[in-house]
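Have a look at the structure below, then the notes.
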Amino acid sequence: MEIFRSPLIFGGDLRKMDDFTLSLITNDEVLAVDQHSSGNHQLFNKDGQMAWIADVPGSTDKYVALFNLQDKQASADPGASVTINLADVGLGNSCKVRDLWQGKDLGASTETFSPIIPWHGAGIYRFSPSLN
């Protein structure tokens with residue numbers, strides 16, 4: 001699991017695609033990661049969690065993909081918190097975060113970012129350094 005530039009390949013029947021699937025493969029912000037990101041590399045892979053980062057060309061922003069590779073736990077928890085330190089991503093200690101899957105700004109994050117990622121799920125975000 002990773003984020004990098006590559007041809008977009010779809011293995012489903014385009015004639016029978018549901019609205020949710022169509023929204024995933026036509027998401028302009030996620031397609032920009034696939035088609036235009038650079039410097040893509042793994043940040044960590046430990047304890048069933050993984051993070052990849054990439055540069056946004058012409059910007060100081062970063063793309064971050066977070067993965068929860070863990071099996072569903074016996075509890076009713078919807079997922080697990082996957083944490084990254086903003087300093088490890090090269091963003092100092094404060095940034096604005098945008099969820100690219102949802103197309104929604106999540107506000108500012110300081111020091112760390114810890115979303116709940118569903119079991120065997122992923123999240124993809126754009127981090128923009130905050131002006132202090």
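The values are calculated or read from the model by the stated rules, or taken from the named source; none is laboratory data. Note that the structure is a prediction, hence the values are computed from the model and not measured. So basically every Cβ, Gly included, is an ideal-geometry build from the backbone, and we count neighbours across all protein chains shown.
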- From the list Ile117, Ile84, pick out the single residue that is β-branched (Val, Ile, Thr) and within 28 Å of Ile9 (Cα to Cα). Ile117
- Gly58 meets each of (1) closer than 19 Å to Pro129 by Cβ; (2) modelled with pLDDT of 90 or more; (3) surrounded by 14 or more Cβ atoms within 10 Å (Cβ to Cβ); (4) out of contact with any Lys or Arg (no Cβ under 7 Å at 6 or more places or on another chain) with one exception, condition (3)
- Message: Pull out all pairs, ordered by first then second residue, where Cβ-Cβ is under 7 Å, the residues are six or more apart or on different chains, the first lies in the range 23-36 and is without any contact (Cβ under 8 Å) to a residue 24 or more places away in the chain, and the second is in a loop (DSSP other than H, G, I, E, B) and aromatic (Phe, Trp, Tyr).
- Response: Ile25/Phe10
- Query: From the list Asn45, Asn27, which residue is buried (at least 17 other Cβ atoms within 10 Å of the Cβ) and either under 16 Å from the mean Cα position of the chain (by Cα) or acidic (Asp, Glu) (or both)?
  - Reply: Asn27
- Query: Looking only at the range 44-60, which residues are over 16 Å from Phe113 (Cα atoms), part of a strand (DSSP E or B) and either out of contact with any strand residue (DSSP E or B) (no Cβ under 9 Å at 6 or more places or on another chain) or among the β-branched types (Val, Ile, Thr) (or both)?
  - Reply: Lys46
- Counting just the residues of the range 70-102 that are in a loop (DSSP other than H, G, I, E, B) and modelled with pLDDT of 95 or more, which one comes out nearest to Val56 (Cα to Cα)? Leu100
